[in-house]
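Okay, structure first, notes after.
The values are calculated or read from the model by the stated rules, or taken from the named source; none is laboratory data. All values reported here derive from a predicted model rather than from experimental measurement. Quick reminder, even Gly has a Cβ in these numbers, built from the backbone with ideal geometry, and neighbours come from all protein chains shown. The protein model used for the area step is the full one, side chains on, heavy atoms only, and it has no ligands, DNA or RNA in it. Shrake-Rupley method; radii C 1.70, N 1.55, O 1.52, S 1.80 Å.
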Amino acid sequence: MRQTRRFHSKQELTEGKVRITGEEARHMHVFRLKQGDKVDLFDDLGTIGLGTIEQIEKESIEIKIDEIQKVRKTGIIKTIATAVPKGKRFDLLIQKATELGADKIIPLITKRTVVKPRETKIERLKKVAIEAAKQSKQNKIPEITEPVTVDKLIEMTADYELKIIASPNADRTIKEVKQDRKTQKIICLIGPEGGFTNEEIALAETNNFIPVSLGKEILRTETAGIAVLAMINYEYEN
C-alpha cells in the first residue's frame, strides 16, 4: 500500500477544499503525487485534514478535505527562550524542540550573544520546524518569534505559572521545583555558550525565574534546550 504523505497547510483546514502552494506544492510534485491520491494535512491550529488530490497545477495543488480531525490540546504549554547557537546548531534545536512538542521558541539576545539578530532568519527556521513536524507526526509547529532582549523577554512572561532559568550553578532540578498545582504554562531561559551574566541572572530571579540544574555536565546551548524540554515532558506529561 502506498504511504500517505503528510504536508503542511498555511490555510486553516476546514471542510471543503484547500489549495496548497509554494514549497509544499513543490514537495508534492517531487513525490509524483497524482489526482486521486490521499494526503494528510495539518495546519498551525492543531487541525488535521485527510484529503484527496483533485487538481494538480504547476504552482498549486487543490485538495478536497474528506475528514477533519481536531487535535485536542493536552498537557502544558512549553516555551523556550534561548540564545542562538552558531550555524546549523540552531536548526538542530528547532528540529528537536518541534519533535518534543514545544509551543513557542523565542530567540534571545543576551549580553554574550554571538549570533546577531539579523542573522536569525525566522522564515527559514519555520521551514525547519515544518519539516520536523511532518517527519515526527507532530500536529503543530512551534511559534518562532523575532529575537528579543532579556529585558524585553522578562516583560512578556507575567502569565507563565512556572518560570525557570537553566544554570550550571543551580542546586535544584526541574523535578525539585515542579509545582504541585496543575501547571498550564512553563517557560525556560537558555543562555549562550558563555552563560548569562550575573546581572541577567539577578534580573530573572527578581522576576520569579527559578534557577535549575540540567545535570553536572556543561551543555551546549542547543543541547540544553533539547534536554530541558525532555525533562519537562517527563515530569509533567508522563
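Would you be able to tell me the number of residues in segment 205-222 that are of a type in the set (S, T, N, Q) and open to solvent by 60 Å² or more (accessible area, probe 1.4 Å)?
Quick first cut of segment 205-222, residues of a type in the set (S, T, N, Q) only: 206-208, 213, 221.
Retained after the next criterion (residues that are open to solvent by 60 Å² or more (accessible area, probe 1.4 Å)): 206, 208.
Of the residues in that region, 2 qualify.
With the requirement that a residue be farther than 15 Å from Ala81 by Cβ and either part of a loop (DSSP other than H, G, I, E, B) or at pLDDT 95 or above (or both), what does segment 113-127 give you? Before you say what the answer is, go through the steps one by one.
Let us first name the residues in segment 113-127 that are farther than 15 Å from Ala81 by Cβ, namely 114, 116, 118-119, 121, 123-124, 126-127.
Scanning segment 113-127 gives Val114, Lys116, Lys121.
Six or more apart or on different chains, Cβ atoms under 6 Å: show the pairs whose first residue is in segment 128-152 and under 14 Å from Glu99 (Cα atoms) and assigned to a helix (DSSP H, G or I) and whose second is open to solvent by less than 30 Å² (accessible area, probe 1.4 Å) and polar (S, T, N, Q).
Ala129/Thr98; Ala132/Thr98; Ala133/Thr98
Mind listing just one residue for me: the one in segment 33-80 that is acidic (Asp, Glu) and in a loop (DSSP other than H, G, I, E, B) and, of those, modelled with the lowest pLDDT?
Keep residues of segment 33-80 that are acidic (Asp, Glu), which gives 37, 40, 43-44, 54, 57, 59, 62, 66-67.
Narrowing further to those that are in a loop (DSSP other than H, G, I, E, B): 37, 43-44, 57, 59.
Numbers: Asp37: 93, Asp43: 88, Asp44: 83, Glu57: 92, Glu59: 91.
If we take residues in segment 33-80 being acidic (Asp, Glu) and in a loop (DSSP other than H, G, I, E, B), then Asp44 is modelled with the lowest pLDDT.
State which residue is nearest to Asn198 (Cα to Cα) when the search covers only segment 78-105 and only residues that are surrounded by fewer than 22 Cβ atoms within 10 Å (Cβ to Cβ) and free of Cβ contacts under 8 Å to residues at least 60 places away in the same chain.
Result: Lys86.
Determine, yes or no, whether Val18 is farther than 30 Å from Ala166 by Cα, under 26 Å from the mean Cα position of the chain (by Cα) and of a type in the set (A, V, I, L, M, F, W, C). Spell out the reasoning first.
Working: farther than 30 Å from Ala166 by Cα: yes; under 26 Å from the mean Cα position of the chain (by Cα): yes; of a type in the set (A, V, I, L, M, F, W, C): yes.
In short, yes.
Kindly indicate the residue of segment 159-204 that is of a type in the set (A, V, I, L, M, F, W, C) and assigned to a helix (DSSP H, G or I) and also surrounded by the fewest Cβ atoms within 10 Å (Cβ to Cβ) among those meeting that condition.
Within segment 159-204, the subset of a type in the set (A, V, I, L, M, F, W, C) is 162, 164-166, 170, 174, 177, 186-190, 196, 201-204.
Narrowing further to those that are assigned to a helix (DSSP H, G or I): 174, 177, 201-204.
On the way: Ile174: 22, Val177: 15, Ile201: 20, Ala202: 11, Leu203: 17, Ala204: 22.
Ranking the candidates gives Ala202 first.
Among (1) open to solvent by 60 Å² or more (accessible area, probe 1.4 Å); (2) over 14 Å from the mean Cα position of the chain (by Cα), there is one condition Glu146 misses while meeting the rest; what is its number?
(2) is the only condition that Glu146 fails.
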